[in-house]
Amino acid sequence: QFGMDSFISAVSELIAEENSIHLSFVGNVDPALAKELKSKIPGVEFKGYVSHKESIAFAAKADLLLLVIPEGENQGTIPGKTFEYLSTQNPILCLTPPNGNAARIIEECEAGIGIEHHDKERMKKYITDLYLKWKKNESVKVNNTNFKKYSRKETTRQLAEIISNFK
């Protein structure tokens, strides 16, 4: 359902090549997926359910954020987490169905990449590129404010403008 097999395989291979990669999941994780992750990714960590404020703090500290849009007819799915992730200015790897809207927004904001669930090689390349920058003490932060057009403040302003045009 989630289409994580290629991601798990990619991360497992990268960890085998370089032990400095650490994977943490914050929030509830499907038990079957957690079992698979534990069996294939050494040291994977599960923080479990935390408050919204804590989850934002974890996201802000991350070097890479994972956003998974389930496989199937979910191209139009844009979770609220997308916008929370954008506001951290940390790079985002979005596992997505082809032509997914969440991935389009992430790429439009130059905040990461959308990769189809089964494209393991692109996942490995993206993670490796970020890892190499991180290892050289280069910032992996997103260096723009393109995400601000999706902030609550800006979208509320746009909605108010639309409503005021009906008067």
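The values are calculated or read from the model by the stated rules, or taken from the named source; none is laboratory data. Computed from a prediction, not measured in an experiment: that's the story for all the values here. Here the Cβ positions follow ideal geometry from the backbone for every residue, glycine too, while neighbour counts run over all protein chains shown. These area figures cover heavy atoms from the full protein model, side chains too; ligands, DNA and RNA do not enter into them. Shrake-Rupley method; radii C 1.70, N 1.55, O 1.52, S 1.80 Å.
Quick notes
- Scattering curve values for segment 1-55, log₁₀ I(q)/I(0), Debye with Cα scatterers, q = 0.16, 0.19 Å⁻¹: -0.51, -0.69
- At a probe radius of 1.4 angstrom, the accessible area of the chain per residue rounds to 61 square angstrom.
- Projecting label points 7 angstrom from Cα along Cα→Cβ for Glu154 and Ala57 puts them 2.8 nm apart.
- Taking all protein chains together and a 1.4 Å probe, the residues Tyr150, Tyr131 rank Tyr150, Tyr131 from largest to smallest accessible area.
- Put the Cα centre of segment 7-40 next to the Cα centre of segment 127-166 and the gap is 27 Å.
- The accessible surface of the chain, taken with every protein chain in place and a 1.4 Å probe, is 52 percent carbon and sulfur.
- Remark: relative contact order (the chain) = 21 percent; criterion is Cα-Cα distance under 8 angstrom and separation of 6 or more residues.
- Options [x] 19.1, 58; [y] 16.9, 63; [z] 18.5, 55 - which one matches Rg and Dmax of the Cα atoms in Å as calculated here: [y]
- Each label was represented as a point 7 Å from its Cα along the Cα-to-Cβ direction; for Gln75 and Lys133 these points are 2.9 nm apart.
- Rounded tilt (10° steps) of 31-40 against the dominant C-alpha axis of the chain: 50
- Among Asn146, Asn28, Asn101, the largest mean-square fluctuation in a Gaussian network model of the chain, built with springs joining Cα atoms closer than 10 Å, belongs to Asn28.
- Folded to 0 to 90 degrees: helix 120-135 orientation relative to the chain principal axis, Cα: 90
- Inter-probe distance in nm under a simple model that places probes 7 Å from Cα toward Cβ, at Glu107 and Phe166: 3.4
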